[in-house]
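Scroll down for the structure; my scribbles are underneath it.
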Amino acid sequence: MSKSDPWFRNRLIRDAIYHAIYDRMKVDPSIHLMGEGSHMKIYFDAPHILKEFPHRIITLPISEDANTNFAVGMALGGAKPIVDVITADFLYRTMDSICNTVPKEHFTSSPKTIIIRSEFMTASPTTGQRPEALFTHIPGLNVVVPSNPLDARGLMDTALETKAATLFFEDRMIEDKTTNPEDMDTHLDIIPLGKGKIRRKGHKLTTVSYALTLRMLDLLLERENLEYELIDLRSIYPVDYDLIVESVNRTGALLIVEPDVTYAGVGAEIASQISERCFEALCHPVKRLGAPRTTIPASRSLHDYMLPSEKRILEVAEELSK
Amino acid sequence: MKTEYAHALVFNNGVLLVKRLQNPYKGAALHPLIAEILGKATGFNKGLAGEMHINNQDIRHVFSFQLVGTCVPVAVGLAYALRYYKKTDDVVAVFFGDACTSNGQFHEAMNIAKIRKVPLLLVCENNGLAGNIRKEYYLPTETVSERMDAYGIRANAIDGNDVKKVMIATEIAVGGIRQWSAPYLLEMNTTRLCHHKQGQADVRSKEEIAKLAERDPLLVAEHRMSVTEETKEKIWRDIEKEIDEVFAKVKEDPWPTWD
């Protein structure tokens with residue numbers, strides 16, 4: 001994890017998200033942005049959107065639960081709402097609307113496009129949690145966590161075209177210097193929900209990750225010049241099991257590195273599925289590395305304990321690739 | 001089961017789009033309504049929604065919610081979308097009980113409704129009960145209408161068991177809401193004549209319920225009708241026969257399956 005400013009903002013991923021939103025807004029008048037302090041946020045992050053579509057931005061009070069339900073109402077009225085819940089910790093305050101209203105309305109009536117945006121930071125007990133795994137457990141929700149601007153743009157584009165509820169996470173802890181600005185301007189791949197991507201080719205071990213830890217691994221494997229396959233999940237529900245199975249069948253070992261609490265997390269589900277599907281091919285038990293089941297402390301010096309160290313990752317990977 | 005009871009089941013915590021002033025379920029098929037409540041494949045929502053989440057787009061009954069309070073902010077969002085995005089003159093009616101006003105969702109929604117000037121008719125059916133809890137445990141004010149002062153939302157408390165009074169008050173309310181695009185609360189004082197749910201004892205005595213039964217909206221309407229006893233009886237018989245027939249038919253309907 002970065003030792004730089006905990007309030008660090010990853011401009012490039014955020015810019016990419018707004019690029020996608022802006023492009024879609026130009027052709028789709030139903031897209032509306034809403035949430036706490038939306039006018040102010042968009043004024044800073046994407047002033048062109050505010051200038052061109054002022055009536056499609058709705059600033060709502062600090063009432064997360066009602067705000068998400070308001071978005072559901074907007075969707076019932078034919079709009080495509082993108083509701084901003086600011087930081088991921090606030091999602092706990094709107095669990096009722098996300099888990100009880102959104103998917104149930106979709107199930108018993110008809111699915112509609114609703115995007116719930118939120119971001120990961122790290123600072124203290126209630127401003128740095130990663131609740132993404134919880135939502136993968138709720139039927140009817142898609143959960144995406146892009147690791148780079150190109151994916152962020154492509155996935156937002158897809159989410160806006162998909163009649164479903166998508167939780168769209170933005171990982172602010174990924175450092176800018178690990179992402180490429182030109183990503184945003186290169187041609188746009190269509191990224192279907194539930195399609196992972198092989199970031200690095202390898203044959204000794206399959207490593208699977210997403211968001212912050214994906215970036216960590218990518219840099220680490222590059223620096224150490226290691227021949228491990230690296231899969232970026234991109235969406236943690238649905239998960240691209242075909243891609244992982246194909247890779248594990250080739251390498252015979254799987255290491256999952258996640259930025260979230262390991263206990264009952266995204267990695268636990270993948271480990272279980274792959275153990276069932278690739279039992280014959282596996283030479284070692286599937287391993288998981290991630291955050292301890294600990295409340296995030298406020299002090300910056302303690303944040304490093306919240307993720308596995310590079311040393312630990314290399315040790316485990318070495319063991320698994322034997 | 002009487003029809004008005006079925007309506008109450010559907011409307012409680014429901015969101016309805018009001019286009020014209022009429023009984024929205026008048027003319028709507030009874031069969032798919034009962035079938036949905038009983039979980040049959042022939043229901044409005046193929047048995048997926050049940051009584052709690054029933055919705056019928058044909059008559060613009062947009063959605064129903066089981067959890068108390070949820071319906072209000074959703075209705076606010078819907079009213080906003082229709083007024084400011086679709087630019088229609090529709091009024092959204094949301095139905096809830098007095099107990100709902102203890103829930104944070106209700107107050108968060110009132111806040112947004114007033115700030116955003118949404119065309120919303122808030123229909124509060126006040127029966128002085130929250131499930132099996134009496135008013136003193138959840139309502140610090142005498143009426144629900146008083147609570148609306150805090151949001152600058154106008155309110156009117158009426159006898160909710162008198163169909164005529166309800167119709168007149170609703171007509172005035174909807175006219176104002178449509179013209180001014182503002183939320184408005186109608187507090188309908190009403191009575192619950194049966195238990196909260198099957199198998200649960202009622203917190204009220206039999207005498208108390210018997211006293212409340214004198215205010216039965218059907219009786220109030222019946223007294224007002226200038227028809228002979230014979231005709232009244234015939235109407236009762238016809239309606240009950242129709243309902244019994246629907247129930248009998250629904251019982252024969254297939255259960256939904258998953259392929």
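Bear in mind that the values in this text are calculations on the coordinates, not laboratory data. Predicted model only: the values in this text are computed from it and were never measured. In this analysis, Cβ positions are derived from the backbone assuming ideal geometry, glycine residues included, and neighbour counts consider all displayed protein chains.
Listed values, structure above:
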{"quantity": "Partner lysines for B:LYS165 [C-alpha distance under 19 Å; skip if fewer than 8 residues away on the same chain]", "calculated": "B:LYS26"}
{"quantity": "Against the rule of thumb 2.2 N^0.38 Å, how large the Cα Rg of the range A:82-237 comes out", "calculated": "1.08"}
{"quantity": "Two-site label geometry, A:HIS203 and A:SER110: point separation in nm, points 7 Å out along Cα→Cβ", "calculated": "5.2"}
{"quantity": "Extended-chain gain in nm, criterion 0.36 nm per residue less alpha-carbon gap, A:GLU224 and A:ASP242", "calculated": "3.7 nm"}
{"quantity": "Rounded if a/c under 1.5, otherwise prolate or oblate - the range B:34-99, Cα gyration tensor axes", "calculated": "oblate"}
{"quantity": "Cβ-derived FRET efficiency at R0 22 Å, B:GLN198 paired with B:ARG134, nearest 0.05", "calculated": "0.60"}
{"quantity": "Label-point separation, B:VAL227 to B:ILE239 (7 Å along Cα→Cβ), nm", "calculated": "0.9"}
{"quantity": "Gain on full stretching of the segment that runs from B:THR141 to B:ASP58 - 0.36 nm per residue minus C-alpha separation", "calculated": "26.0 nm"}
{"quantity": "For chain A, calculated [θ]222 nm from helices alone, where every DSSP H run of n ≥ 4 adds -39500 (n - 2.57)", "calculated": "-11000 deg cm²/dmol"}
{"quantity": "For chain A, the spread of Cα positions along each principal axis, largest first, Å", "calculated": "59, 42, 39"}
{"quantity": "Under 17 Å from the Cα of B:LYS87 - lysines, other chains or at least 8 residues apart", "calculated": "A:LYS80, B:LYS19, B:LYS117"}
{"quantity": "Per-residue HN-Hα couplings for the range A:235-245 [Karplus 6.51, -1.76, 1.60; θ = phi - 60°; Hz; x = Gly/Pro]", "calculated": "10, 8, 8, x, 9, 7, 5, 4, 5, 5, 4"}
{"quantity": "Bins of 5 Å, starting at 0 and running to the largest distance - Cα pair percent for the range A:11-184", "calculated": "2, 9, 18, 23, 23, 16, 7, 2, 0, 0"}
{"quantity": "For chain A, built as a Gaussian network whose Cα springs stay under 10 Å, the top-fluctuating residue of A:ASP65, A:ASP23, A:ASP84", "calculated": "A:ASP23"}
{"quantity": "Cα Rg over Rh - the protein assembly as shown, Kirkwood", "calculated": "1.05"}
{"quantity": "Amide H contacts of A:THR87 (H built 1.01 Å from N, under 5 Å, at least 5 apart or other chain)", "calculated": "A:GLU119"}
{"quantity": "Scaled radius of gyration (Cα, divided by 2.2 N^0.38 Å) that the range A:197-320 gives", "calculated": "1.01"}
{"quantity": "Computed helical MRE - 222 nm, chain B, DSSP H runs ≥ 4 contributing -39500 (n - 2.57), nearest 500", "calculated": "-12000 deg cm²/dmol"}
{"quantity": "Extreme residue, positive dipole direction of chain B, given options B:ALA109, B:GLN66, B:VAL227 (C-beta unit charges)", "calculated": "B:ALA109"}
{"quantity": "Residues B:LEU218, A:LEU167, B:LEU185, sorted so that the one with the fewest Cβ neighbours within 10 Å comes first", "calculated": "B:LEU218, B:LEU185, A:LEU167"}
{"quantity": "Calculated FRET value between A:LEU314 and B:LYS117, using beta carbons and R₀ = 35 Å, to 0.05", "calculated": "0.05"}
{"quantity": "Choice from A:PHE70, A:PHE44, A:PHE90 with maximal GNM fluctuation in chain A (Cα, 10 Å cutoff)", "calculated": "A:PHE44"}
{"quantity": "Whole-number percent relative contact order across the range A:1-147, with pairs defined as alpha carbons under 8 Å at least 6 apart", "calculated": "22"}
{"quantity": "Per-q log10 I(q)/I(0), the range B:3-252, q = 0.07 Å⁻¹ (Debye; single scatterer per alpha-carbon; no solvent)", "calculated": "-0.25"}
{"quantity": "FRET efficiency estimate (nearest 0.05) - Cβ-Cβ, A:ARG11 to A:HIS137, R0 51 angstrom", "calculated": "0.95"}
{"quantity": "Separation between Cα centres of the range B:207-254 and the range A:85-118, rounded to whole Å", "calculated": "41"}
{"quantity": "Candidates A:ARG117, A:ARG200, A:ARG172, ranked by Gaussian network fluctuation over chain A, Cα under 10 Å, top entry", "calculated": "A:ARG200"}
{"quantity": "Segment A:GLU52-A:MET40, extension gain: residue separation times 0.36 nm, minus the distance between their alpha carbons", "calculated": "2.8 nm"}
